[in-house]
Amino acid sequence: MFRFVLLLLAFGLWVQVVQGEEDPYLWLEAIEGEESMDWVKQQNKRSLGVLTDDPRFKALEQEALEILTSDARIPLGSIRGKHVFNFWQDANSVRGILRRASIKSYASEKTVWETLLDVDALAKSEDENWVYQGYQCLGPKYELCYIRMSRGGTDASVYREYSLAEKRFLPKGFVLPEAKSSVQWIDEDHWLVGSNWGEGSLTDSGYARIVKLWKRGEPLVDAKVVLEGEATDVGLFANVYRDKNSVYPLVIRAIGFFDFEFHWLNGESVVKLPLPTKANLQGVLNGKLMLILNQEWLFEDVRFPQGAVVALDMSSQTPELVYAPTSRESVESVDVGGEAAYVELLDNVVGKVRRLELNKGKWQSTTLPLPDNGVVSIQSVNSETDDLLVSFESLTVPDSLYFVSGQESKKIKSLPAFYDAEDVVVDQKFATSKDGTKVPYFIMANREVLESGNAPTIQYGYGGFQAAILPVYYSDPARPQHGALAGRMWVSRGGVMVLSNIRGGSEFGPGWHSAALKENRQRAFDDFFAIAEHLIETGVTSPDKLGAIGRSNGGLLMSVALTQRPDLYAALDIGVPLADMRRYNKLLAGASWMGEYGNPDIPEEWAYIKEYSPYQRLLPDADYPEVFFYTSTKDDRVHPGHARKMAAKLSDQGHPFLYFENIEGGHGGTAK
C-alpha cells in the first residue's frame, strides 16, 4: 500500500511537469548560465575524480590514444581533379591540417603531401578556438575553395574563401559570418547560400528560411533571394551538382526532417521538380538527376518501389528506374562519376558496391570486385575518369583502401592491426522482437569467452534517422563500438561487444526506418530489449554483467532503457542524449526532428511520446543501474539541458550516476 501511495505521488508530480506547471530543473537549460555552469563544474570534478582514480584508467587511456593518434591510420581522402585531398589530425596536429597529394603519389607506398592549411597555426595566429568543419573547392580546377570552421566545435560555422595557389584566405574574398549555414559554389563569382540573414530569417529549428544568390563583391545584405520557406520548415539548404556539361543549382526545402521539396535554379527561373517529398538527391549524371526513393512513387502510370534508385531527366522532367533493391537490400548512397553511377549497398547488412551504367537505353548493374563479409564504403569517385577509392573493413579486419578502375581493384593502403583478432569471432544472430520481427545483431568476442558464457557484455544501439549500425574497424571520429577500440580495450579483456541493428535504422531500406517512426517508436526500444533478452537467454551474459551504450538518438534509447527495463542492465553509458521529450522541440535544433518523434505540443502525439519520455518517467523508488551521462556545452544540436536535467533529477532522487560535460566539442565531440 505504501509503495502504491508513492507511485501515485510520483504520477501526480509527473502530470504537473508534462502540463508545464512545474519543472524544478529548468534552470539547467541556461547553457552558459552562472548557476548551471557551477553545477556542471562540480559534477565534472566529482566524476573525473571517480574515473581517473580507477586503477584501470591510465592503461585504457593510453591504449585509446595509441589508436586515435596513430600515424598508421589510413589518410582517407577525396579525389578532386588530379589530387586526393585529406584532413589529418595527430599528436602534432591536434586541430588538424588540410592537405593534398597527386593521385599517383597517393596510390604509392610513400605519399608526398602538400600542406594547404594548418588549423593549429591558424588558431594561434588569430587567437581563435577554431575547429575545422570542412571545405569545398570549385571544380574543375579545384584551386578556389571555402574553408568552414567553428568556434569550439559548434554546428554554427564561419565560411571563408581560400586560395590553394596562394595558400591564404583572400582578403577581399567571400566571408560568411558565423551561423548554421549551407554554402555551395556555382561559379567563381557566385555562392548559393542559406544562412541567418537577420530577424525572421530562421526557421523554428534554427536553420535558414531563405536561400540567396550572393555575387562576388556584393554586400551580403544585397544578395538576391532565390527561395523562401516557412518558419515551420526544418530549413532551406543550398545544393549544387555538376556533370561534364552543366551546373545544376538546387534549393532543398526541408518541410520536415524526411520530407522535401526540390527547386532548380534554371537560369533566371526557379523550377519545382516533380519529385515525391520522401527522396534523397545524390548527383547528376549526363543530365539525369540521381535519387533514392524513401517512399513508393506513382508517376503518371509508372510505379517506382520504395528504396529504389531513380533518374530524373532534367530536360524532360521524366523519371526512369535505375535500380530496385531486394527486400534484404538497402541502397545507402549513390556516387556519380563521369559515365556511371556507383551504389553503396547493404545486402543483409553486408556491404557491396555496384556500378550502374546506361547502355543502349537500359541500365545495367555490375558488382565491383571487392572483399566480402564486411563494410564496403565508397570514399570518393573521380568525376572525370570514373576511378574510385573504396574501403573495406570489419570488426576484426583492419581497413584497406582499394583503387578501383573499371573491373580491376588494387589495394593501395591498409591499416595495421590495433589488436590481436586471431581468436576473435564475429557472428550475426537474430532476436525476436515483441511483435515477432526478426532483428539482427552482431556479436564480437574471443571464442573461449563465448564458449564459457556469462561474460561482461556491452550492447550498442542507435535505432533512428535511417542510420545503419555497421561492424566497422575504425572510423573518424572513433567510437567505442568500433572494432579497433572495442577489440583492444574490451574484447581483449574478456568482454563481449554487441551491435544492434534495430528498427529506425536503414539496414533493410527505408521501410526498416519508417517502421519505428512517431507512434511506432516503441518498436525500436522493444527490438533493443529483445536482443538483450536473447543474450541472457542464450547464456552469453546476465543482467548483472550487461551494460549498454548509445549517443544522441542512441542516448534517448539508453535513457528509455534506464526507465523501462532497468532490470536488464548493470550500467548505462548515455551520450549527448535527448531525454525531455516534452520540451525537445523547443531546445536548439529539436523542432527539426518532429518527423522522427512527433510533436509533443499536439495532444494526440504527446499521448504516445509521454509513454516513453525518460525525463518524465524517472521515479524515486525505482532500482536503476548506475548511469554515466556525457554531453557538451558547445553542442548546438542536442541541448545539454537534456543530460543535465536527467542527472540532477537522478541526484535528487538518490540514484547513482556520473556526469561529465565537455566545455567544448560540439555534438560530435570534435574540439581539442
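The values are calculated or read from the model by the stated rules, or taken from the named source; none is laboratory data. Everything quoted here is computed from the prediction, not taken from an experiment. Cβ placement follows ideal geometry from the backbone for every residue including glycine, while neighbour counts extend to all protein chains displayed. Just the protein is used for accessible areas: all its heavy atoms, side chains included, with ligands, DNA and RNA removed. Shrake-Rupley method; radii C 1.70, N 1.55, O 1.52, S 1.80 Å.
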- Task: May I ask you to list the residues in the stretch 151-164 that are at pLDDT below 95 and part of a strand (DSSP E or B)?
- Result: Arg151
- Message: Which of the numbered conditions does Phe660 fail, given that it passes all the others? Conditions: (1) of a type outside the set (A, V, I, L, M); (2) part of a strand (DSSP E or B); (3) touching a His at 6+ places or on another chain (Cβ under 7 Å).
- Response: (3)
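Against the definition (more than 27 Å from Trp593 (Cα to Cα) and either basic (Lys, Arg) or open to solvent by less than 20 Å² (accessible area, probe 1.4 Å) (or both)), how does Arg209 come out, yes or no?
Criteria not met by Arg209.
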- Message: So, in the stretch 532-563, how many residues would count as being of a type in the set (Val, Ile, Thr), under 23 Å from the mean Cα position of the chain (by Cα) and part of a helix (DSSP H, G or I)?
- Response: 1
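Can you tell me which residue within the stretch 240-252, out of those that are assigned to a strand (DSSP E or B) and out of contact with any Pro (no Cβ under 8 Å at 6 or more places or on another chain), is surrounded by the most Cβ atoms within 10 Å (Cβ to Cβ)?
Val251
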- Message: Condition first: under 25 Å from the mean Cα position of the chain (by Cα) and either hydroxyl-bearing (Ser, Thr, Tyr) or at pLDDT below 95 (or both). Now tell me which residues in the stretch 430-458 satisfy that.
- Response: Tyr441, Thr457
- Could you list, in sequence order, the residues of the stretch 292-343 that are open to solvent by 20 Å² or more (accessible area, probe 1.4 Å), polar (S, T, N, Q) and either out of contact with any helix residue (DSSP H, G or I) (no Cβ under 6 Å at 6 or more places or on another chain) or within 22 Å of Ser391 (Cβ to Cβ) (or both)? Gln295, Ser315, Ser316, Gln317, Thr318, Thr326, Ser327, Ser333
- Item | Within the stretch 634-667, considering residues that are closer than 26 Å to Asp53 by Cα, of a type outside the set (Asp, Glu) and at pLDDT below 95, the one most open to solvent (accessible area, probe 1.4 Å) | Ile663
- Query: Based on what the data block shows, is Glu63 under 27 Å from Ser613 (Cβ atoms) and out of contact with any strand residue (DSSP E or B) (no Cβ under 6 Å at 6 or more places or on another chain)?
  - Reply: no
- Only unsatisfied item for Asp526, checking (1) over 18 Å from the mean Cα position of the chain (by Cα); (2) without any contact (Cβ under 8 Å) to a residue 24 or more places away in the chain; (3) closer than 28 Å to Trp593 by Cα, is (2)
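Listed residues Asn44, Asn92; which is open to solvent by less than 30 Å² (accessible area, probe 1.4 Å) and polar (S, T, N, Q)?
Working: Asn92 fails: open to solvent by less than 30 Å² (accessible area, probe 1.4 Å).
That would be Asn44, the only listed residue that is open to solvent by less than 30 Å² (accessible area, probe 1.4 Å) and polar (S, T, N, Q).
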- Enumerate the pairs (first residue in the stretch 105-128 and part of a helix (DSSP H, G or I); second residue anywhere and of a type in the set (Asp, Glu)) with beta-carbon separation below 9 Å, excluding pairs fewer than 6 apart on the same chain, so at least 6 apart or on different chains. Leu122/Glu128
- Query: For the stretch 253-263, what are the residues that are assigned to a strand (DSSP E or B), among the hydrophobic types (A, V, I, L, M, F, W, C) and open to solvent by 30 Å² or more (accessible area, probe 1.4 Å)?
  - Reply: Phe260
- Among the helices (runs of 4 or more DSSP H) confined wholly to the stretch 420-525, which include 3 or more residues that are open to solvent by less than 50 Å² (accessible area, probe 1.4 Å)? 483-489, 510-514
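When you check Ser205 against the structure, is it closer than 24 Å to Ser514 by Cβ and of a type in the set (Ser, Thr, Tyr), yes or no?
The answer is yes for Ser205.
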- Query: Which ones in the stretch 372-414 are open to solvent by less than 30 Å² (accessible area, probe 1.4 Å), part of a loop (DSSP other than H, G, I, E, B) and farther than 18 Å from Val343 by Cα?
  - Reply: Ser394, Leu395, Pro398, Asp399
- Query: Just to be sure, is Lys278 touching a residue at least 60 places away in the same chain (Cβ under 8 Å), surrounded by fewer than 20 Cβ atoms within 10 Å (Cβ to Cβ) and within 26 Å of the chain's Cα centre (by Cα)?
  - Reply: yes
- Message: Can you pull out every residue in the stretch 583-618 that is among the hydroxyl-bearing types (Ser, Thr, Tyr) and surrounded by 22 or more Cβ atoms within 10 Å (Cβ to Cβ)?
- Response: Tyr584, Tyr597, Ser613, Tyr615
- Query: What number of residues within the stretch 212-239 are of a type outside the set (A, V, I, L, M), open to solvent by 40 Å² or more (accessible area, probe 1.4 Å) and over 22 Å from the mean Cα position of the chain (by Cα)?
  - Reply: 10
- Whichever residue in the stretch 111-152 is small (Gly, Ala, Ser) and under 30 Å from Lys413 (Cα atoms) and, among such residues, is most open to solvent (accessible area, probe 1.4 Å): Ala121
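Using the structure shown, decide if Glu21 is modelled with pLDDT of 95 or more and loosely packed, with under 11 Cβ neighbours inside 10 Å.
No.
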- Query: Got a number for residues in the stretch 569-582 being open to solvent by less than 20 Å² (accessible area, probe 1.4 Å), outside any strand (DSSP E or B), within 26 Å of Pro480 (Cα to Cα) and not aromatic (Phe, Trp, Tyr)?
  - Reply: 5
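Taking the conditions exactly as written (open to solvent by less than 10 Å² (accessible area, probe 1.4 Å), among the aliphatic types (A, V, I, L, M) and touching a Leu at 6+ places or on another chain (Cβ under 7 Å)), does Leu557 satisfy them or not?
No, not satisfied.
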- Message: Can you tell me how many residues within the stretch 380-397 are under 18 Å from Thr111 (Cβ atoms) and touching a residue at least 60 places away in the same chain (Cβ under 8 Å)?
- Response: 5
- Item | Selection within the stretch 77-104 - in a strand (DSSP E or B), over 23 Å from Gly153 (Cα atoms) and touching a Gly at 6+ places or on another chain (Cβ under 9 Å) | Arg80, His83, Val84, Arg100, Ala101
- Note on the structure: Of the listed residues (Glu611, Glu604, Glu626), the one being at pLDDT 95 or above, over 20 Å from the mean Cα position of the chain (by Cα) and under 23 Å from Val40 (Cα atoms) is Glu626
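A quick yes/no check of all residues on (1) more than 23 Å from the chain's Cα centre (by Cα); (2) under 30 Å from Lys645 (Cα atoms):
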residue	(1), (2)
Ser47	yes, yes
Asp54	yes, yes
Leu76	no, no
Ile79	no, no
Lys82	yes, no
Asn92	yes, no
- Of the conditions (1) in contact with a His (Cβ under 8 Å, 6 or more places away or on another chain); (2) exposed (fewer than 14 other Cβ atoms within 10 Å of the Cβ); (3) among the aliphatic types (A, V, I, L, M), the single one that Ile31 does not satisfy is (2)
